[in-house]
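Since the structure comes first, as structure tokens, the remarks are kept for the end.
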Amino acid sequence: ENNNNAAPQGVSAGKNDEPGKKVKIGFSAPAADHGWMGAITKATQAEAKKYSDVELLVAEGTNDPNQQISQVETFINQKVDAIVLLPFDGPALTAVATKAMEAGITVVNVDREFNSPAAARTTILGDNYGMGVSAGTYVCSQLKDKKDSIVAEIAGIDSLGLTQDRSKGFKDALADCGLKVSNRVAAAFTVESGEKEAANLLQAAPKIDAIWNHDDDQGVGVMAAIKNSNRKEFFVVGGAGSANVMRDIKSGTSLVKATVIYPSTQGADGIRLARLLVQKKALGDLVEVEVPREIQLYAPVVTKDNVDQYLPTAFES
Amino acid sequence: MSEAPSDTTASTQATVAPPTAQRAGGLLSTGAGRNLGLVLALVVLCIVGVATSGDTFATGPNVLTILRAAATIGVVSIGMTFVITGGGIDLSVGAMVALSSVWATTLATQQLATDYHWIFMVSTALLVGGACGLVNGLLIAYGKIVPFIATLAMLAAARGLAEIISDRRTQIVNNRSFVDLFGGSLIGVPTLVWIFVLVAAAGWVVLNRTTFGRRTFAVGGNTEAARLAGIKVQRHTVALYVLAGLCCGIAAVMLMARTTTGSSTHGQLYELDAIAAVVIGGTLLSGGRGTIVGTVFGVLIFTTLNNVFTLNNLSFSAQSVAKGVIIVIAVLLQQRLARRTTSS
Amino acid sequence: MSEAPSDTTASTQATVAPPTAQRAGGLLSTGAGRNLGLVLALVVLCIVGVATSGDTFATGPNVLTILRAAATIGVVSIGMTFVITGGGIDLSVGAMVALSSVWATTLATQQLATDYHWIFMVSTALLVGGACGLVNGLLIAYGKIVPFIATLAMLAAARGLAEIISDRRTQIVNNRSFVDLFGGSLIGVPTLVWIFVLVAAAGWVVLNRTTFGRRTFAVGGNTEAARLAGIKVQRHTVALYVLAGLCCGIAAVMLMARTTTGSSTHGQLYELDAIAAVVIGGTLLSGGRGTIVGTVFGVLIFTTLNNVFTLNNLSFSAQSVAKGVIIVIAVLLQQRLARRTTSS
Amino acid sequence: MTPSTPPAPAGRESGAVLTESALLTMTGIVKEFPGVRALDGVDLDVRAGEVHCLLGQNGAGKSTLIRVLTGAHQPDAGTIRINGDEVQLNTPTAAIQRGIAAIYQELDLVPGLSVAENIFLGHEPARFGFSRRHEAAARAREILRGLGHGEIPVRREVGSLPAAGQQVVSMARALSRDARLIVMDEPSAVLDPEEVANLFRVIRGLTAQGVAVVYISHRLEEIREIGDRVTVLKDGATVATGLDARETPTKELIRLMTGRSIEYVFPPRAEILTTAPVVLEVTDLSRPGEFAGISFSVRAGEILGFAGLVGSGRSEVLETVYGARKPATGSVRVDGTALRPGWVQSAVKAGVGLAPEERKSQALLLDEAVYKNITVSSMQRFASGGFLNNHAERAAAVQLAESLDVRPPGVDQPVRNLSGGNQQKVVLARWLLRDCRVLLLDEPTRGVDVGARSEIYALVRKLAASGVAIVLVSSEVEEVLGLADRVVVLREGRAVHTGPAQEIDEHQVLDLVMEGSSV
Ligand SMILES: Nc1ncnc2c1ncn2[C@@H]1O[C@H](COP(=O)(O)OP(=O)(O)OP(=O)(O)O)[C@@H](O)[C@H]1O
Ligand SMILES: Nc1ncnc2c1ncn2[C@@H]1O[C@H](COP(=O)(O)OP(=O)(O)OP(=O)(O)O)[C@@H](O)[C@H]1O
Ligand SMILES: [Mg+2]
Ligand SMILES: [Mg+2]
């Protein structure tokens, strides 16, 4: 059970936390137009504050690659030591990230992957496909006797690659147990869009057995819509793992029976790794003296049984 | 002075068009005619809905779903109708909804609501919306900043402020009686829909039956004429933006009840949705002509479109394309129809 | 009927103020004066930039960074200036950029580029942009759909189509020579900036020195008068939207070079950014008055603002608030200045 | 035409002698616009119950003075007294409260509102903010009836009324306030003789009740008929005041206004050769509800005049010939080639030009410079490969502006800043610049002052002499008869008479126009 990378005390206990050389880190991320992205930025800033030797520069969140590129260029001009970059679109930021690396700046790629290994020193990824698989597997485990079950999916922003990956994982996992997604809508990761799309979805499908909702923040809206419809015949699996949902799961009275974690601490981990890399330190619990090239975070399923383990690091959406 | 009958006939000729053409034109231009196209577009949409998923589309719950979805953006659009009729535009509506919802769900406000009454939450939302509208109005009327820029600035500022206040968290509404009342139903119809109906009715009365409404047309249609007629144009402009802000406050309350949250991400792209509904309803973007009934239809058309798409399980991208095509067809149809009935 | 010379002199004397005052007024009202405010706003921004982070702000690379960021949206804004001056609006620019970038980076197009020349990618982007603009123009000029609605429909349709074509995957540009050329530099200045400069210069010449530009002002200022003056209003309107579409095609090429990708998510909210730049530059949203120089300043002001923010490490949300406040202050300042210089 | 005088005891004599105490005194009024001193020390005094006429050339400052009086402009210097008390008219409301109402030169109505709503704009009958529509409608109807236009539907949108109807609404609006002083800025410009007579009847009724009227017009014969006293403005200053409206010789008035003497006559006609080729040929043109069966032809060098009442469809005929409206039947040929119906381009290409009736909405690019307005229809001439030669363009415009005496003379200012009459000259200049085969002139002298008017007459003649075929529409019968070679009289959309101008006189035309009886 020690697969959880986000346990805060674990890594920081060693001598790595002792102040070292000053590190100037630039951070750029998409617009905080949904809870998870807001949590990412917050966690990143909070993490940076913990270290007296880290100076964090935060650029305005933007969904325009053009503007994000110029933010990275500005960081290069400012001669920062490292850049933690959560690109709106991985491939679109690859060129400028490569440029930063060539300028001797340590680039840490977060969440959305570049398409060139030369563009980042290390990459921290959530497991979007794995998230879908986890959710699908959980749904299968709950519905294994009923082959004609109706499964619905409320996705996030459909034009993002990560949504596609999640949906693919979900579909593949369901296929393994002979289920399929009957109804699917895409919201926009916001509470409001979640409510709106869920309300429509509930009309489209008069009977449902399970719903997977990609994002717990939009899930608040989804649950509001479900409550409005007075329907109770199904269970809901969440995504991302917000504290609210975990508390609901813990209470046991909610329709939400499980959620799949998509860690919102990726940016914070990015800060730590960037600092270690610039200060030429190793990752505490590994024997290896270099920080690994890629770290993929695990997407565990949280249920009533193990919720206490995850609640402390869950994000308050 | 004797009025020779022949003279009167001659002057009738000069000052008004022939009576037959006039009656038809009058009827059509005052509402039924223009709205006929909108009604038709809506009816066609409903027929498509029934044809493709009749079992669910035509049910009571689904109709209520459509209405509930229309309610929030509908209230915002009513406010927008006033602003646009008065010759302005408001890009900050979405941001004002977000800020109002966040401010009305802070710990402090919710504490007040818990201790005393949820009315504190509602009035906070209205106050915040009204205050933002006031700032918009002052900047535009007295600062002489073009509405587009002034409200764009408000958009950025209000959303930023909402993020700061909420610390970018989704704030959950704890007050049960608030959620039960506004999220509930009255005689089988959701409270939200009642609110929309009330706001729309009030909007219609104000726009068409009060001096305030008539002056809105004057300010939007011919500002200089309005000024020369002794209308306090600047004060009126401020009032219009305050009104839009208040509508955003109401919308925030509705959204808080509907989603049980306040959030800085609420109301995204409301500005586009509201303007689209208003314009498709027949209000002139250049001001001076506006219709509440048209706006209501505009909102219903967009919401029904969304519902029909979802019922049919269309992919998101296909929805987009279809939406664009349908809007164009609907408008063309409506225009053709309006032209034919007017010319006949 | 004979004109006594003395009379003429007298009347000139009486009705016209001393020549110096007149010339000053004329100069100020025709450009330098209005732009003076914009120049000042930009200068103030730069002073703030230098004061708060002089070591990086005033360096060559940073200036190039600002210019590079301004280039793409700048080209879009030039096209938008034409459309708005001609009395229209184009909400679909961002979607057209996305669709052009996607279409120009499909496997098929890239294969052509690899086999023959990257010119195929560029011309695909221009063609797609131009074609979308053509559809916009036809719907507006001949279909008589209001520009707001027609281009809103195009926004939805083009973005949806871009998603379908790309299957919502980001498409990587493989053609090295394309990326090297457009992503590279010429005499120390990035190719993108050169393109922006060229497009802006061409735009200025066309708007101010050609019959096409003159007609644009006429159509935007008074459509009926333009029609009766013998201008082919409909054809001209179509041309304006095609021009905007072409600019989006160029912007797509620039974005493809800058990001080395084509994607359906490119160009988000470009419509708002471009309109804001155009309007803050002094072009009238109601048409008939437009300035390319103003637009360029508008774009530079917004881009510099972003740059100064990034350099100064303001908190995320505070940046939003500050942006709103600064826009308002800049516009107020500019107006006050323009008024003072004109009245003196 | 002899309009019946109202039975009321009112009259100009009684008005003039009613009271000698000044109701309004304006002294030393100065108003400057950027670059232009529009008013340069104007004095004006108006007595209760009189009709005080304001005369002056285009751009003399009449409208500006009026706007100062109604609080629309703030004067830079000078005092305004009402009943001897000095007042500050900072806003239109302040002026309205002091009993000053106005009919502005440019119709200031809200097109989207109904007739009744426009009449009561700003002081709607209301209770608790709710408008009392029935009361408004009833009162509006009453006022309109008093104006002799009870037939105008009070719930109709004003934007759908023709210009004459809108002018009536404007008048009704001024009357809806209990005004002591009503200012009328060229109210007769869009009215035909019949309507003008009606207007005068109303004015007499007003003065009989002690209301003072300030009346502005470029038609001197109107001044003689209705005015009591005259004030003349020239270049923004009062050059004469308190002149007797009936006794002062026309020559004197014109000299005061223009500083020179002008023969207010029409230039002599040239002989039209019957062998001259027919340039414009219109056959059986009709549009249901507007006009029917219109046929006429114009030879090179000929001027064809259209006479008729407002609303008889003259403008529609011209616009249809031009292609701005699509005819239901009929054809238009220029030099023998048929034009594509309803297609302005085709007319323009064939060398047809139209100076439309409504200069503001149909002709002018208000925010553009004067010279750009003049050259907009002839741009090709100054362009090579699409690029404009600014120098040649401006030079041509300057020359025309000078020959028409457009004031102030600079061609770079926006047309919006010009006075009404000067704007009209700019519209004319546009078509003079373009070498037309056929020129359609709709009310070319509307709002144009005496001096410029005779210059325009001379120009039109000169154009005709150079071989242009001209069609002229004017509500001033005298103008049609004086300038045209042949006259068509329209009545309710039908040509009731066509013939040489010399063979018909003003009375006959008016009889035709109103009763349709044959000559
Ligand atoms: N807003 C303005 N800005 C600049 N100049 C102006 C403005 N309004 C009027 N003027 C100028 O003031 C002068 C007087 O104009 P005004 O309209 O009062 O003339 P007018 O006597 O009414 O002429 P007309 O008989 O043609 O109506 C003109 O030279 C005009 O160009
Ligand atoms: N916008 C309109 N709506 C309805 N009827 C109109 C409109 N404009 C004109 N008409 C009608 O068309 C006919 C002709 O109008 P118009 O005033 O243009 O004639 P006219 O002979 O050109 O007079 P004038 O020369 O004074 O303008 C009238 O019956 C009038 O009522
Ligand atoms: Mg005037
Ligand atoms: Mg006419």
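The values are calculated or read from the model by the stated rules, or taken from the named source; none is laboratory data. Small disclaimer: the values here were computed from a predicted structure and weren't measured. As a convention, Cβ positions derive from the backbone with ideal geometry for all residues, glycine included, and neighbour counts pool all protein chains shown. Accessible surface areas use protein heavy atoms only, side chains included; no ligands, DNA or RNA. Shrake-Rupley method; radii C 1.70, N 1.55, O 1.52, S 1.80 Å.
Worth pointing out:
Every residue, every condition in (1) outside any loop (DSSP other than H, G, I, E, B); (2) away from ligand 4 (no atom under 16 Å from the Cβ); (3) within 20 Å of the chain's Cα centre (by Cα); (4) surrounded by 21 or more Cβ atoms within 10 Å (Cβ to Cβ), yes or no:
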site: D:K372; (1), (2), (3), (4): yes, yes, no, yes
site: D:A397; (1), (2), (3), (4): yes, yes, no, yes
site: D:V406; (1), (2), (3), (4): no, yes, yes, yes
site: D:N422; (1), (2), (3), (4): yes, yes, yes, yes
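- Residue list for the stretch D:416-428, restricted to those being more than 14 Å from ligand 3 (Cβ to nearest atom) and within 11 Å of chain C (Cβ to nearest Cβ): D:V427
- Screening the stretch D:317-333 for residues that are open to solvent by less than 50 Å² (accessible area, probe 1.4 Å) and more than 14 Å from chain C (Cβ to nearest Cβ) and picking the one that is nearest to D:R437 (Cα to Cα) gives D:V332.
- Taking the criterion of being surrounded by 23 or more Cβ atoms within 10 Å (Cβ to Cβ) and within 16 Å of ligand 3 (Cβ to nearest atom), the residues of the stretch D:209-219 that qualify are D:V214, D:Y215, D:I216, D:H218.
- Residue within the stretch B:254-273 that is without any contact (Cβ under 8 Å) to a residue 60 or more places away in the chain and either surrounded by fewer than 24 Cβ atoms within 10 Å (Cβ to Cβ) or closer than 30 Å to D:S114 by Cβ (or both) present: yes
- Looking only at the stretch B:55-71, residues that are in a loop (DSSP other than H, G, I, E, B) and within 14 Å of B:G183 (Cα to Cα) come to 0 in all.
- The number of residues in the stretch B:197-212 that are crowded, with 17+ Cβ neighbours inside 10 Å, of a type outside the set (G, A, S), in a helix (DSSP H, G or I) and touching a Ser or Thr at 6+ places or on another chain (Cβ under 8 Å) comes to 2.
- Test: D:G293 is within 16 Å of ligand 4 (Cβ to nearest atom) and more than 14 Å from chain B (Cβ to nearest Cβ): no
- Of everything listed in (1) within 30 Å of D:G56 (Cα to Cα); (2) within 14 Å of chain B (Cβ to nearest Cβ), the single unmet condition for D:L354 is (2).
- Single residue of the stretch D:133-154 satisfying the filter (under 23 Å from B:G220 (Cα atoms) and at the interface with chain B (Cβ under 10 Å from one of its Cβ atoms)) that is modelled with the lowest pLDDT: D:R133
- Residues (surrounded by 24 or more Cβ atoms within 10 Å (Cβ to Cβ) and farther than 15 Å from B:F182 by Cβ) located in the stretch B:98-134: B:A98, B:L99, B:V102, B:W103, B:V128, B:G129, B:C132, B:G133
- Subset of the stretch D:220-238 [open to solvent by 30 Å² or more (accessible area, probe 1.4 Å), more than 12 Å from D:L256 (Cβ to Cβ) and touching a residue at least 12 places away in the same chain (Cβ under 8 Å)]: D:R224, D:E225
- Residue tally, condition without any contact (Cβ under 8 Å) to a residue 60 or more places away in the chain and away from ligand 3 (no atom under 16 Å from the Cβ), over the stretch D:429-461: 6
- The set of residues in the stretch D:406-415 that are within 16 Å of ligand 3 (Cβ to nearest atom) and touching a residue at least 40 places away in the same chain (Cβ under 8 Å) comprises D:R407, D:P408, D:V415.
- The helices (runs of 4 or more DSSP H) found entirely in the stretch D:93-208 include none that carry 2 or more residues being touching a Pro at 6+ places or on another chain (Cβ under 6 Å), buried (at least 22 other Cβ atoms within 10 Å of the Cβ) and without any contact (Cβ under 8 Å) to a residue 24 or more places away in the chain.
- Within the stretch B:213-232, the set of residues being over 21 Å from D:T64 (Cβ atoms) and crowded, with 20+ Cβ neighbours inside 10 Å comprises B:G213, B:R214, B:R215, B:T216, B:F217, B:A218, B:V219, B:G220, B:G221, B:I231.
- A:S52 satisfies every condition listed in (1) open to solvent by 10 Å² or more (accessible area, probe 1.4 Å); (2) in contact with a helix residue (DSSP H, G or I) (Cβ under 9 Å, 6 or more places away or on another chain); (3) more than 20 Å from A:S264 (Cα to Cα) except (2).
- For the stretch B:279-337, residues that are closer than 30 Å to C:E163 by Cα and open to solvent by less than 50 Å² (accessible area, probe 1.4 Å) total 30.
- Residue match in the stretch D:59-82 (condition: at pLDDT below 90, open to solvent by 10 Å² or more (accessible area, probe 1.4 Å), closer than 26 Å to D:N422 by Cβ and not aromatic (F, W, Y)): yes
- Those residues of the stretch A:154-184 which are over 20 Å from A:S317 (Cβ atoms) and outside any helix (DSSP H, G or I), in sequence order: A:D158, A:S159, A:C177, A:G178, A:L179, A:K180, A:V181, A:S182, A:N183, A:R184
- Filtered residue count, the stretch C:259-299, keeping only those that are more than 13 Å from chain A (Cβ to nearest Cβ) and assigned to a helix (DSSP H, G or I): 13
- Residues of the stretch D:32-74 that turn out to be in a loop (DSSP other than H, G, I, E, B), in contact with a Ser or Thr (Cβ under 8 Å, 6 or more places away or on another chain) and away from chain C (no Cβ under 14 Å), as a count: 5
- Unique match (being away from every other protein chain (no Cβ under 11 Å) and within 25 Å of the chain's Cα centre (by Cα)) among B:L161, B:L152, B:L126, B:L112: B:L126
- Look at (1) closer than 17 Å to D:L400 by Cβ; (2) away from ligand 1 (no atom under 16 Å from the Cβ); (3) aliphatic (A, V, I, L, M) and you find that D:V471 fails only one, number (1).
- Filter result for D:A94 (over 18 Å from D:A179 (Cα atoms) and out of contact with any helix residue (DSSP H, G or I) (no Cβ under 7 Å at 6 or more places or on another chain)): no
- Of the residues in the stretch D:464-479, at least one is open to solvent by 20 Å² or more (accessible area, probe 1.4 Å), within 16 Å of ligand 2 (Cβ to nearest atom), farther than 15 Å from D:G353 by Cβ and not in a loop (DSSP other than H, G, I, E, B).
- Close contacts from the stretch A:169-191, counting a first residue that is open to solvent by 10 Å² or more (accessible area, probe 1.4 Å) and a second that is among the aromatic types (F, W, Y), with Cβ to Cβ under 6 Å and a gap of 6+ residues or different chains, come to A:A186/B:F316.
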